Amino acid sequence: MKSERVLVYGTGARDHCLADEYIESKHVGKVYFVPGNPGIEYTAKGRRKHIERVPIRDFSDVAKFCKENKVSLVDVGSENPLDEGLIDVLNEAGIATVGPRKEYVRLENDRAFTDDLLREIGVPKPEYKVFENPEEAKRYVRNIGYQVVVKTNGLAAGKGAIVCNGVDDAEAAIDTIMVKKKFGKSGDQVVIEERKYGTEISFFAYLDGEHVLPLSMFAQDYKPACDPDDKETIELLGGNLNTGGTGCYCPHKLVKPWLTNRIIKEIINPTVNAIYNRLYWKYKGVLYFGLNLDPYGRLDVFEINVRHGDPEAEVILRKLQTDLFEIGMATCEGRLDTIRPVWNKNYYVDVIAMVGRSKDESGGWYPGYPGRYGEGYKITGLEHLENRTLDPGVAIFFSGVDSHPERGLVTKGGRVLHVVASDLELKRAVEKAYRNIEKFAFLDHNNNNANCMRFRRTIGREI
Ligand code: GLY
């Protein structure tokens, strides 16, 4: 019977997707999306009445709401509320949750800590060194000679890793993070890591304090803001192409059973073993692993996060057939050893519509995400959701959106909406995603309503 109520805490497309997946559960009749975003009003008609947006933020109000509305499970989708201790507040009030306690968010918000842990237990990762002083960091990049990635040592909304093309670039990145403090206090320390070339592989595992459930389904995330041959956008953004992800697909073309075994043996098992038996943490929630596979077959851990990846969740969770509520409850109750993930046969492709070049109020230009971008652009094409005129197998998830009294749903962020398409063949799923994203536009009211939407053309096409 669909009598259970779930609360998903978050504001982005990953959280929108989680809300959508919980409502698919045979146990769940209602999902509260808190504080949510107004895009949820535009989701498929049939679901709308089962997913309710509740725009409260304060953690004690959320706990009170859960009690009053008999919420059985809360899933916290993003790192900031986890870092601010939402799980601790809810557990204190006796509410069942999916997500780690504040103390365990250290795995994501203190890269140096996690890197040291991985190095100690022999999990492969690129060479790295941690700095608190920008001059010492610059001296280091000048001396080592190889290319690097400069990373903040704290949370930075997935944007705190700057991929550098040489020493000048690396010195500029150190200035951006440590001197100009683009990411605030997260830039007090930097981790300088050897730059690796190859293919990104992302996946998730659920932990229940005792067991691990690896979701052996791998996605490829595309981090650069534009395609490698898009010279115009590269120039416009001044080479600052680093984003939290511009699209992805799954299953990953390169991950075959032999590689899955290696990932479980070389990466998941030792990491989880260290969490349980070295740190003695009762970690309950999701772990995200971002890996690199180089052309010689070497695997390296790029990052570990304490929640689902965004946009990876939007493809992996849609492919998952196992009831998400059952996984969530098993996570809380230490029963993950009883769950076997089941997957449908489709490929899933997520292409993200970003705000591109647009005019500012004084007639100048914004370069667009991940550089400076304007806000409040009317989103057109929403009638396709209402009228169900998107292709079958296409779902839209919203992230940076807001309601405007005259313009309706408008942009309020760099990454605005995700078009997720599925098909039995990857090529057809890719074509479907691109055919459907063209049905939307962001109208730049300072530029005769020109469309300022931008998206990559190579998601799922190039490895
Ligand atoms: N897509 C990378 C992340 O969610 O951190």
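The values are calculated or read from the model by the stated rules, or taken from the named source; none is laboratory data. Since the structure is predicted, the reported quantities are computational estimates derived from the model, not experimental observations. Positions of Cβ are backbone-derived with ideal geometry, glycine not excepted, and every protein chain shown enters the neighbour counts. Note: accessible area is taken over every heavy atom of the protein model, side chains too, but ligands, DNA and RNA are not part of it. Shrake-Rupley method; radii C 1.70, N 1.55, O 1.52, S 1.80 Å.
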Item to check | All positions within region 15-56 that are closer than 22 Å to ILE327 by Cα and out of contact with any strand residue (DSSP E or B) (no Cβ under 8 Å at 6 or more places or on another chain) | outcome: GLU24, LYS26, ARG47
Next on the checklist: List the residue pairs whose Cβ atoms are under 6 Å apart, where the first residue sits in region 372-384 and is within 20 Å of LEU241 (Cα to Cα), the second is in a strand (DSSP E or B) and of a type in the set (S, T, N, Q), and the two are 6 or more positions apart or on different chains.
Outcome noted: GLY374/SER358; GLU375/THR411
Checklist entry - Would region 218-229 turn up any residue that is out of contact with any Cys (no Cβ under 8 Å at 6 or more places or on another chain), part of a loop (DSSP other than H, G, I, E, B), closer than 30 Å to THR322 by Cβ and in contact (Cβ under 8 Å) with a residue 12 or more places away in the chain? => result yes
Item to check | Residues being in contact with a helix residue (DSSP H, G or I) (Cβ under 8 Å, 6 or more places away or on another chain) and either within 21 Å of ASP300 (Cα to Cα) or assigned to a strand (DSSP E or B) (or both) - total across region 195-216 | outcome: 13
Next on the checklist: Can you find a residue that is within 21 Å of ASP208 (Cα to Cα) and either hydroxyl-bearing (Ser, Thr, Tyr) or free of Cβ contacts under 8 Å to residues at least 24 places away in the same chain (or both) anywhere in region 51-67?
Outcome noted: no
Next on the checklist: So ASP350 ticks every box in (1) crowded, with 23+ Cβ neighbours inside 10 Å; (2) free of Cβ contacts under 8 Å to residues at least 24 places away in the same chain but one. Which box is left unticked?
Outcome noted: (2)
Checklist outcome for this item: The condition of being in contact (Cβ under 8 Å) with a residue 40 or more places away in the chain and more than 19 Å from the chain's Cα centre (by Cα) holds, among GLU92, GLU132, only for GLU132
Checklist entry - When only residues in region 440-463 that are open to solvent by 60 Å² or more (accessible area, probe 1.4 Å) and part of a loop (DSSP other than H, G, I, E, B) count, which is farthest from ASN344 (Cα to Cα)? => result ASN448
Next on the checklist: Against the condition in contact with a strand residue (DSSP E or B) (Cβ under 9 Å, 6 or more places away or on another chain), within 16 Å of the ligand (Cβ to nearest atom) and of a type in the set (A, V, I, L, M, F, W, C), how does VAL105 come out, does it pass?
Outcome noted: no
Item to check | Residue among ALA161, ALA157, ALA170, ALA137 that is closer than 25 Å to ILE268 by Cβ and small (Gly, Ala, Ser) | outcome: ALA161
Item to check | Selection count, region 306-328, where residues are within 11 Å of the ligand (Cβ to nearest atom), open to solvent by 10 Å² or more (accessible area, probe 1.4 Å) and either more than 23 Å from TYR9 (Cα to Cα) or touching a strand residue (DSSP E or B) at 6+ places or on another chain (Cβ under 8 Å) (or both) | outcome: 1
Next on the checklist: Given the condition open to solvent by less than 50 Å² (accessible area, probe 1.4 Å) and over 12 Å from TYR146 (Cα atoms), answer yes or no: does some residue in region 190-197 qualify?
Outcome noted: yes
Item to check | Residue in region 169-181 that is part of a loop (DSSP other than H, G, I, E, B), more than 26 Å from THR260 (Cβ to Cβ) and of a type in the set (Lys, Arg) present | outcome: yes
Item to check | Verdict on THR380 being at pLDDT below 95 and open to solvent by 10 Å² or more (accessible area, probe 1.4 Å) | outcome: no
Item to check | Options GLY460, GLY400, GLY408, GLY414: the member that is within 22 Å of the chain's Cα centre (by Cα) and more than 22 Å from ASP230 (Cα to Cα) | outcome: GLY400
Next on the checklist: Kindly evaluate VAL150 against the criterion of being more than 23 Å from the chain's Cα centre (by Cα), closer than 23 Å to ASP188 by Cβ and not in a helix (DSSP H, G or I).
Outcome noted: no
Next on the checklist: Can you say whether LEU291 is in contact with a strand residue (DSSP E or B) (Cβ under 9 Å, 6 or more places away or on another chain), of a type outside the set (Ser, Thr, Tyr) and within 16 Å of the ligand (Cβ to nearest atom), as far as the supplied structure shows?
Outcome noted: yes
Next on the checklist: Can you say whether PRO224 is away from the ligand (no atom under 16 Å from the Cβ) and open to solvent by 10 Å² or more (accessible area, probe 1.4 Å), as far as the supplied structure shows?
Outcome noted: no
Item to check | Candidates GLY154, GLY145, GLY160, filtered to the one that is under 27 Å from GLU79 (Cβ atoms) and free of Cβ contacts under 8 Å to residues at least 40 places away in the same chain | outcome: GLY160
Checklist entry - Out of curiosity, is ASP15 open to solvent by less than 20 Å² (accessible area, probe 1.4 Å), within 25 Å of TYR104 (Cβ to Cβ) and assigned to a helix (DSSP H, G or I)? => result yes
